[in-house]
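Colleague: The structure is given below, and queries will be raised subsequently.
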Amino acid sequence: MRVQRPVAGALGFETAGEGIGPKAEPAGRAGRRPGPVMPSDETSFQRRAAEKAWVANRTVALAGRLLVIGLGLVAAGCARPPVPPATSPTVVTVSHPVERTVTDHADFTGRTAAVESVEVRARGFGYLEKINFKEGALVEKGDVLFEIDPRTYQTALAQAEGNLASMQARLRRLDADLTRVREASSRGAGSQQDFDKVMGDRGEAEASLGALRAAVEQARLDLHFTKVIAPVSGRVSRALVTVGNLISSGQTGGTVLTTIVSVNPVYAYFDVDELTLLKARAARASAQSGNGPAATTSERPVFMALATEDGFPRRGTLDFVDNQLNPKTGTLRVRAVFANPDGSLTPGLFVRVRIPVGDPHPALLVTDRAVETNQGQKLVYVVDEKNEVVSRPVRLGASHDGLRAVEAGLKPGERVIVNGLQRVRPGVVVDPKPVGMPVPPRAAERGGPTSGGAAPGSK
C-alpha cells in the first residue's frame, strides 16, 4: 500500500503565498498577539507514522533494485558461451626437397699476387739520359726501359781494348825472340841465361794478356749496363726517377727505377683453418685407401671470384701448401694459380676462394626460409598425409647454389612448408599449396652448380 507523506496543514503549517508558514489567525483575533501553537498528540503520532512509512518504502525499493541486479548477473553467468564460427584451414605453400649430387666445400678470403715481381735497379753508375717505356704499359722481357749516359763506359772500354792490343803485340815479339834464342842455342851460339829470360818474359806477357782480356769484358758489361732492360714480361709501374738524375749502383743495391709484375698467370693466397684442413686430409686419406681416386696437389680444383662477381666463375688449381700452421692464428697458408689471359686479375685484389672438401654425394636441399630456430635447435615444418603440421628437428650442412643441405631429419618427397611459417604450429590442419623450391634470385641467375658437384636433378 502506498503511504502518503503528511501535508503541511496536518502539522500545523499551511501554504501562504510563496512559502510555508504558521497557520493564520481568525479575523476576530487580529488585534491580539498570537501565542505559540502547540501540536496535539494526534498530530505528532501521524507525523511519526508517516516518516516511518516513507523510510520503509525506500528500503523496499532499494532491496528490489538489488534483487533485480543479482538475478541479472546470475542469468549472465549461467548463459552458454557463443559458438565460434567455423574457420577454413590456413593456406601455406609447400615444396619437396631438392635431390642433388653435391660436393661439400669451404669458403675463404684471400689476395691475388703476381707470379713474378721484380724491382728494376740500375747496374751502372751515371746520369739518366732516356726513358723508353709508357708508364703502366705491358713490356716484354729484354725491352730497353732506361738509358744511362754511356760515354764514361765507352772510354773505359776503349782503354781496356788498347791495353789488350799492346799486350798482344808484346807477346808476338816475345814469341819471335824465343824462336831466335832456340835456333841460336841449337847451334851452340846462345847462352842458357838468354833463353831463360825470354821464356820468363813470354810467360808474364801471356798471363797479363788473360787479365787484359777480362778487363775488356768488364768494360763491355759496364757499357751494356747503361741500358736497363726488362728482366721479365709483365706490366710496368711508373718511373720512380726522371731524366737527369744521378743513378747509383752497387752490390748492396742501386737505385730502384721501377717495378714489373707478371700478368698471366696469377697466384691467390689464402689461409685455411685447422678444422677444414683435417677434414680435407681425412677425405684424401679415404680416397687413397681405395674408396676413390687420389688427386695430386696440382689436380685439386679451386674456385675463385672477385668482390663484384656472383658465384665462383674462375677455376684454378691448388699450387702450394705450406709445411706448418701458424700457431698464432691456427691457419695454414695455401696458394692457388689461376689463368689471367685478359689481365683482369691485378695483384693485390681481394678475392673469395672456394675449395671442395670430400667427394661428391647425394643430398637433400631446402631454402633457408623454411628453417626455423627453437632454443638453438634447427627445425622445419612438414605437412603429413592428414594435412597436419609436424615439426622436424634437422641437422644442416653447407649451402649449395642458394639452397641449404639437410644432413639428417628430413626424407625425400616430404612436403616442407616454405611460406606461412608464422601462421602455423605443430598439430594444426592447413591447406597446402605445392610450389617449386624457392631459390634466391642471385643464385638462380648464375644457373648451374658452383660447388664442383654434378648437375642438379631436382624432384
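Read-outs: derived from the displayed coordinates by stated rules, not from any lab. Keep in mind the model is a prediction, meaning the values are calculated, not measured. A quick note on method: Cβ atoms are made from the backbone with ideal geometry, for glycine too, and the neighbour counts reach across all protein chains shown.
Colleague: Rank these for me by crowding, 135, 161, going from fewest to most other beta carbons within 10 Å.
Modeller: So the ranking, lowest neighbour count to highest, is 135, 161.
Colleague: In addition: Which of the aspartates and glutamates could a cross-linker bridge to residue 227, judged by Cα under 19 Å and excluding same-chain residues fewer than eight apart?
Modeller: Counting by Cα, and skipping residues close in sequence, residue 227 has these aspartates and glutamates nearby: 119, 129, 135, 140, 143, 147, 149, 217.
Colleague: Where does each of 199, 437 land when they are ranked from fewest to most other beta-carbon atoms within 10 angstrom?
Modeller: With the fewest neighbours first, 199, 437 line up as 199, 437.
Colleague: Here's something else I'd like to know. Residue-wise, which Karplus ³J(HN,Hα) couplings in Hz belong to the stretch 395-410, taking 6.51 cos²θ - 1.76 cosθ + 1.60, θ = phi - 60°, and x for glycine or proline?
Modeller: Per-residue couplings from phi come out as 10, 8, x, 7, 9, 10, 6, x, 10, 9, 6, 10, 7, 7, x, 9 Hz.
Colleague: If you rank 119, 140 by fewest surrounding Cβ atoms within 10 Å, what's the result?
Modeller: In increasing order of surrounding Cβ atoms, one gets 140, 119.
Colleague: Show me 324-330, 356-362 ranked by packing, highest mean number of other Cβ atoms within 10 Å first.
Modeller: 356-362, 324-330
Colleague: Decide, for the stretch 122-261, between rounded, prolate and oblate: order the square roots of the alpha carbon gyration tensor eigenvalues as a ≥ b ≥ c, take rounded if a/c falls under 1.5, and otherwise choose prolate if a/b is larger than b/c, else oblate.
Modeller: Cα axes put the stretch 122-261 in the prolate bin.
Colleague: Here's something else I'd like to know. List the lysines whose Cα sits under 24 Å from the Cα of residue 411, skipping any in the same chain fewer than 8 residues away.
Modeller: Those lysines meeting the cut-off are 378, 386, 433, 459.
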